[in-house]
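Following: one structure in structure tokens, then a few remarks.
The values are calculated or read from the model by the stated rules, or taken from the named source; none is laboratory data. Small disclaimer: the values here were computed from a predicted structure and weren't measured. Cβ coordinates were reconstructed from backbone atoms using ideal geometry, including for glycine residues, and neighbour counts include every protein chain displayed. Side chains included, ligands, DNA and RNA excluded: accessible areas come from the protein's heavy atoms. Shrake-Rupley method; radii C 1.70, N 1.55, O 1.52, S 1.80 Å.
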There are 2 protein chains.
Amino acid sequence: MADSNSNVLAFTKHDHRRCKNAAIKAVELLCEERKLRLTPVRRRTLEILLESHIALGAYEVLEKLAKAGFGEKPPLVYRALGFLMEQGFVHKLEKLNAYVACVEPNRCAHPCFLVCKQCGRVAEQSVPKVSKQLAATAQQLGFSTATSVMELSGVCAQCPTEKS
Amino acid sequence: MADSNSNVLAFTKHDHRRCKNAAIKAVELLCEERKLRLTPVRRRTLEILLESHIALGAYEVLEKLAKAGFGEKPPLVYRALGFLMEQGFVHKLEKLNAYVACVEPNRCAHPCFLVCKQCGRVAEQSVPKVSKQLAATAQQLGFSTATSVMELSGVCAQCPTEKS
DNA sequence: TTTAATGTGTTATATTATAACATTAAGGTG
DNA sequence: CACCTTAATGTTATAATATAACACATTAAA
């Protein structure tokens, strides 16, 4: 029933260095293709978010940028996040007001976010069927869907379910 | 393909007074059943949100509460909204940081919100199939879903699509 | 009629995000 | 290269959203 060939990377043991490098490489390529400038702040912001699969608040990212020698004023981080989000390299979790890097920016589509409330990790699952079904349902009601937000909160396989 | 027998009330001409009264009545009944106190602030907050199908920010609601003779400090409105949301009488639109009254609090389940970016109106559509499908997909990946957020942004039937 | 629990008032502050304008850097064109 | 235009960044200020903490009041229940 799963919509695609996913492995829920974030919840699975994996070579994270590889995971991170691949994502950065993909972003670099896409920026070239799109004639966009992956400036130092933008790159570092992406790297910061790629350090783990846990979503960070804008001000957490900002602190890390500051420690890395960049500025410490809010617009710095919001601009970098804005750029990265526009390009689909980073996603915002609306329910959390937090940001997470896209792990496969080149093949990201119809994402649904699975947020573990125990460990905080976020897996991005592509759900094209569900997404299209929702849009079709809306369309039948006369509503033209432009964008959608899908976020699940729960407990991942590696975390113990809450005791009763 | 629609999941349920809905009419997308918010986007349709309807007797809004009736609509509003029915919702308040339903909430009153549910409060009795659940032995909860629908205090004046809580009731007024609900009424304010029921004035239209447009989502309001917490501070917009607060202003209206103040004009109605209630306090003007943030905790007032956040407490009222907190109570109403806990009970499912009001929903928060995460993408908008705004609040909207539930039109059918007694039969509300698996809601997906359709937000018209032209007129701002919000329709609540029950999508149990899609919702269960998402949870099932997640479950197959070892993820136990507790809560979900589904919000579509687009253009409703009554609004002109944006010109090119 | 005291008590325990719930709800409200109030002060203060935390958190998230943007507007506006000055300055600098990059890339394109003659 | 020198100029210019655009894009990006620096900076100040403030807006918008939300909660903590504690005092006081009301309710319902014992």
Take the alpha carbon atoms of the range A:94-137, find their center, do the same for the range B:94-147, and report the distance between the two centers in whole angstrom. 15 Å
With the solvent-accessible surface defined on protein heavy atoms using a 1.4 Å probe, which residues belonging to the range A:110-134 display a reduction of at least 30 Å² in accessible area in the multichain context relative to the isolated chain? A:L114, A:V130, A:Q133, A:L134
Trypsin sites (Lys or Arg not before Pro) within the range B:6-103: DSSP coil, no more than 12 neighbouring Cβ in 10 Å: B:K13, B:K35, B:R37
Report, largest value first, the span of the C-alpha coordinates of the protein assembly as shown along each principal axis, in whole Å. 58, 56, 44
DSSP bridge pairs, the range B:19-164: antiparallel proportion in percent, nearest 5: 75 percent
Using protein heavy atoms only (no ligands, DNA or RNA), what is the total accessible area buried between B and A, 1.4 Å probe, nearest 100 Å²? 3500 Å²
Identify all aspartates and glutamates with a Cα-Cα distance to B:K25 below 16 Å; exclude those on the same chain that are fewer than 8 residues away in sequence. B:D15, B:E33, B:E47, B:E51, B:E104
Using a probe of 1.4 angstrom, how much of the accessible area of the range A:21-164 is carbon and sulfur, in percent? 50 percent
Among the aspartates and glutamates, which fall within straight-line cross-link reach of B:K95, defined as a Cα-Cα distance under 14 Å, with same-chain neighbours fewer than 8 residues apart omitted? A:E94, A:E151, B:E151
